[in-house]
Each structure stands twice: as structure tokens, then as C-alpha cells.
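Undergrad: Just passing along the structure, written as C-alpha cells.
The values are calculated or read from the model by the stated rules, or taken from the named source; none is laboratory data. Keep in mind the model is a prediction, meaning the values are calculated, not measured. Cβ atoms come from the backbone with ideal geometry, glycine included; neighbour counts cover every protein chain shown. Please note that ligands, DNA and RNA were not included when accessible areas were found on the heavy atoms of the full protein model with its side chains. Shrake-Rupley method; radii C 1.70, N 1.55, O 1.52, S 1.80 Å.
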Amino acid sequence: MANYLGRNNWDPSSPESWAQTLGLVYVPMFSGERSDHHQGNHSVLLDGLKGSFALSTHADELIFDQVPLEWSWSSNMRHTVFVTEKKVVVKRWDSPDSVISKPLPSSPAGAFELLSEIEAARTNRLPDVISRMLKAFRAIRTAIAPYSGGAVEAIRVFNALLLGSEQARLGKLDLDQWSRCDTIAQAITLSDAFHSDELSVNIGNLPVGALLDFFINPDPNTNYILEPDLLIRHAAGQLYQEAHFEIEREAIRQPTLPGIADDTLYKGVNKRDARFTPPSLARTIVQQAIKALTNSNTLPQSLSILDPACGSGIFLQEAIRELLSQQYRGKVALHGFDTSEISCVITKFCLDRAAEDAKQFGIDVSIHIEQRDALIGNWGKHDFIFMNPPFLNWQRMTPQERDATTAILKDLAYRHTDIAMAFLWQSVQSLTRNGLLGSILPNPLLSSDSATKLREAILHEMNLVLIGSFKGYNYFPGAMVEPAFIVMRSQSSHSTEQTVKMLTAQEGTEDLSLRLLRRGYEELSPASGVEILHEPVINIDAAKWSPKTRDQVELLRKFSECNLPQVKDLFTVRRGIIAGQKDAFVLSTQALNELPIEERKFFRPLAGTKTIIAGRIIAGQYVFYPYNNTGLILTLEKLVKEAAPQYY
């Protein structure tokens, strides 16, 4: 803690000092080719959605200029913080006339106070840059749809218009020539995004004028002009993940005229939204993995990094960013798998830009993105594997997914297997001798009986470094299980870990927990909602990996001293039934009482998440259970109809 928060180490004119003190991720605002073109030092400090902000130092003359607000709007940063010799000025792009001025923080306490105010600030009053670009994407999709233009073509056209507008904005392409493009094919040729022959002639011949307006004309709500390079550099992850959701929701969308669709109507989630990876979490997992390796080794001159479920490539992007911050110099091979062609196109586009930036600082990046089923075939060997695999239980898997999962897990498959288990085990088998794995996982995999054999097998192959658990379901919107994450390293490496870092974050404290993890500050009170403990390696077994709070550790210690019997000593514990279609097979007390008495005998009280409250089973739900001591008694549908006609 003292290394980051001591008064002697605090330098408010340094963006790195702000980042280290607050536990944020420091990223220069501009790439190397633009960094010297602006007065002052400009950066973005990344946290979660609320805590990220743009920071400008030694740029007093820009405080009342619109340009820095265009930068923050294009970067999807809600706040811009200016640091002068005597004060800190905070502005928002959606309220340019509102200026908050504070004395220059003489100690880290003032920086923490400012971050708290930024996090607590209201949401945007005007549509942000993501909404603007999603509107452009919808307009493109609508324009090409009559000519059999699919989602991949829409992404390619969008990328071409974005790249061409960037080149025009940076003076690499004549702006007048770019703005006078007549057709999509001409725009693609000028932007050099890809060969225009890859699109159908009908799509290529479409007029581009109205579509190009989204990228080069001032935004009608804010009057800001898009800085495409900043959008790609700082907001591409969120933008392309939202665009991917747009595509997946195509079946429920009604056609709209270009530019008319509501900006927020289709923002949201789908049933696999655990796949959406917040950049701050991805970066933290990458940081912890690289740190675990550099604690005992230097990074090799050649690295191979894989994401077998790459989505929009956010883990691979953050891996390059972290290597840049570590001043790594060498060769990096980025590998990504995804079954979606759209994901592959998005990932390749985003990584091409990251590779260009990295090349300026001595990192030679090669990109290998494959459209394939990761559970079929060999992955090769990699130094780092980062992933957010699908969360999919056995009941929701296709027959092909079940076969692939079983083939990978073999005898490690037990009871109700999740497809994430197959990704996890395949990753373990695909690491080099010094390899590290960082993964987001469904929380039940840390403690469920179905994953016990897998956890035991992993402990024979890997050393656990970090296990994190987020309580609640809000961090991944729409998720049906609580999320967890894990970092572990190959046992064949020169491991020095004597303890495993265990993080628990209560709902609403997830971003705080990641900041504390980055700062290395672990002397926390439970009142903060975050606890980071160091569990001795010898205490870790396959039974349960779920992080415990200090109160839980103390309670278990007292139970142990009292020699109290465990549940298994008193009862034979068996897993409950799978209710199936709950709307049909689970009745409320009122619905049960409406049935004839002779039909009620086929129902039993249900003990579940809604009826077990504060350690007591509360009668309130009943499940259809047509069994007796000999087994199933209603073996055919016609028997159910005869025995329970009203229920049927």
C-alpha cells in the first residue's frame, strides 16, 4: 500500500502516478504517430464503465477548448480531468459549459475523493459515441439487406468507412475526396480496408453518401466530430461486442429506415451474455497472469497467446496493451478461435490496429484467427491462454457439443457437465512448461460436485495463483450464474507461490475489487464489500475452490474446534430432481389447492432457491412427482391424463 499511496510517491502531474495510486489502467490517449501533435500529456485511465476518465496534464490552454471533449466523446470516456499547477478541472462532454474546479490534490486522498465523485456522477444526458456508431451500423445493414448483404458484409463496410474516415481525419487521405465518394466500392478502394471484389457488385454500387455522414459530419446531439482512431483505440471492444449483439438479435428486429432506429432500443443482452467481457476484467486477468510469470522468470523473446473463444478479441487486445506497458520487446503470435465468422472478422480488424501500434514500440505481432469449433482438434502449445468460454450446461448443449465435451473430459465428466469444463481442461493441456491460464468461469465450477474430478486433475497439472468470485448477477447483465475468474500456472514452471490469492467481491463492488487487486492493497475491512485473502497452498484441495471471507474462515475454525458433526455424518445426501419445464411441473400453494384432493397426492413440497430462506424450508412451491417407493407410477402420458385430468 505504501508504495502507491505514500505522500512522497504521489505526483499529480503524472498520469502513471494517478493510475498506480487509484488502481486504474494507464493507456496513452494517442498512438505513437499522434502523441507529439498536441500540447500537454493526454491519456485515459481505465476502470469499469463508471470510473474511467480522460486525463490531460500540462494542457491549460485546452481547458475551455472543445477538442479535448471530442477526444473523450470519441474514446467513450464520460469525464475529462485537466491537471494544472494549482488545480484540477473536471468537465463532461455532455455538459461542456459545466466546469468543476478543485485544488490540486496534495496527497492520494484527494485523488480518491475525485474518483468517488466521478463514479457517483449521473449517467450521460446525450447519446454517447457507441450509440452513434450503432446507429451507423444499423443504417448500413438496412442499406445492404435488399441485396442479400449479410452481417459479415455489414461489418466489412462499417470497418471500411471507419478506416477511411480515420485516414481523412489524420490527413492521410484528402478529406474532400473522401467526402465525395459516390459508392461503397469507391469508399472501400480509397480506405484500402479490403478488396472491393469481396463484396457483391450490387452492394458495391450502392450510394455511400448518407452512410458516410455518420463518420465525418458533426454528431447532431453534441456537435462533436468523431475521432475514429480514438474510437478504435479505446472503445472498439464495447462497440464491436454491442454490434455483435445487434446481429444476434436480428430475428426479433423489425426493418428500419437508415438512421431512424432508436439508439437504445436494442442495447441489451442475450442468453449467452457471459461471453461479453468487460475490458477492465480482461486486463486485470492478463495483468495477474503476466505478473505471476515475471515474478520468477523474464518474458521470453517469443510469446504465443491464445483465446479459444475470442468473440471480439478483447483478451488478445488487452494482452498486447499490457505487454506494451511492460515495455516488452519481442515477437508475439496472437491466436484466436471462434465458430462465428462475424467474431473472426471483428477480432482480426481490432488486432490489426493493435499490431500497428505495437510495432512502433518494438513488438512484432503476428495474427492467426481461425473460424473453427475450439472443442474439435488440437490447439497447439501456448505461453498464455486467456478466455471467457461459453457457460452452457448439459441440458442446453447440442448433441455435437455433448460429444465434443465428453471426448475432451473423458472420465473427468461427472453428472451435470458444463461446456466451460471442456474449455478449461483443454487449456490446461495446451500450455507450455512455463504457461499460464487466465479464465472467466461460472462460479459453480469452483465448488460443484460435477467438477470435483476436474479440479483434482487440474491440481496435479497446475498451481493456482488467483481465484476471484463476484457475488450477484449484475456484473454480466443477463447472466444466469454468478461469475468467477481464475489464474493458474503450469506446475513444470519455476513456481514460487506458497499461497493462493482469493478475492471475494459483493454485488456492486466488482470494479473496486479489481482496482484493489491492481494496487496490491489487501488489508481491507469486510465493510468495503471486498476481501482479498491469501490461502496457503497446502489448504487447497479439490473439494472446493470458492474464496472465503474472513468471517467464514473464522466460523469454520470455531466449528472445527467444537467437533460438530457434518451433514454427511448424519444424512445420506442425494441430488434433488430436475424439475424440467417449471411452468408446467412446479405449482404454487394456491394452484395446488385448486386441484382435486385425489390429484394433489402426485405433488411434493419443493426445496429450492425460492423456498429455502434463512436456513428454513418455507412451503410455497410443489413439484409434480408421480413416484412411490417402487418408482415411477405414471409411465405414460395417457396415465397422467387419467389419474390427474384437471392438472393435465
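Undergrad: For region 52-205, what does the accessible surface come to per residue with a 1.4 Å probe? Please give it in Å². Write out the running numbers ahead of the final one.
TA: Working: 6490 Å² over 154 residues.
With the other protein chains kept in place, region 52-205 gives 42 Å² per residue.
Undergrad: Separate question: Rounded to the nearest 500, what is the 222 nm mean residue ellipticity of the chain from helices alone, with -39500 (n - 2.57) per DSSP H run of 4+ residues and division by all residues? Could you put the intermediate results ahead of the total?
TA: Working: 24 runs with 240 residues, N = 648.
Computed ellipticity for the chain at 222 nm equals -11000 deg cm²/dmol.
Undergrad: Per residue, how many Å² of accessible area does region 594-639 show with a 1.4 Å probe? Can you show the working numbers first?
TA: Working: 3430 Å² over 46 residues.
Result: 75 Å² of accessible area for each residue.
Undergrad: Roughly how far apart, in whole Å, are the Cα centres of region 302-381 and region 63-116?
TA: That distance is 34 Å.
Undergrad: Now, a different point. In terms of the Cα gyration tensor, with a ≥ b ≥ c the square roots of its eigenvalues, is region 120-208 rounded because a/c is under 1.5, prolate because a/b exceeds b/c, or oblate?
TA: On the way: a/c = 2.51, a/b = 1.36, b/c = 1.84.
Here region 120-208 falls in the oblate category.
Undergrad: From the backbone phi of region 165-179, what are the Karplus-calculated ³J(HN,Hα) couplings (6.51 cos²θ - 1.76 cosθ + 1.60, θ = phi - 60°) in whole Hz, Gly and Pro given as x?
TA: Couplings: 5, 4, 4, 5, 5, 8, x, 7, 9, 4, 4, 5, 5, 5, 5 Hz.
Undergrad: Which pairs, out of 544/610; 91/348; 568/610; 471/558, put more than 32 Å between their alpha-carbon atoms?
TA: Beyond 32 Å between Cα atoms: 91/348.
Undergrad: Take each of the peptides 297-305, 432-440, 118-126, average the number of other beta-carbon atoms within 10 Å over its residues, and list them starting from the highest.
TA: On the way: 297-305: 15.0, 432-440: 22.3, 118-126: 12.9.
Top of the packing list down: 432-440, 297-305, 118-126.
Undergrad: So what's the angle, to the nearest 10 degrees on a 0 to 90 scale, between helix 399-409 and the longest Cα principal axis of the chain?
TA: With rounding to tens, the tilt is 90 degrees.
Undergrad: Give the cross-link partners of residue 291 among the lysines, using a straight C-alpha distance below 22 Å as the criterion and excluding same-chain residues fewer than 8 apart.
TA: Hits, sequence-local ones excluded: 331, 381, 501.
Undergrad: I would also like to ask the following. Hey, any idea what % of the chain's accessible area is carbon plus sulfur with a 1.4 Å probe?
TA: C and S atoms contribute 51 percent here.
Undergrad: Further question on the same structure: Taking the structure as given and computing percent of Cα pairs over 49 Å apart, which label from (i) 20; (ii) 28; (iii) 39 fits?
TA: Here the calculated entry is (i).
Undergrad: Using the alpha-carbon atoms, what tilt in degrees (0 to 90, nearest 10) does helix 279-294 show relative to the longest principal axis of the chain?
TA: The angle comes out near 90 degrees.
Undergrad: Let me ask another. Which order do the peptides 283-291, 412-420 take when ranked by the mean count of other beta-carbon atoms within 10 Å per residue, highest first?
TA: Answer by packing, highest mean first, reads 283-291, 412-420.
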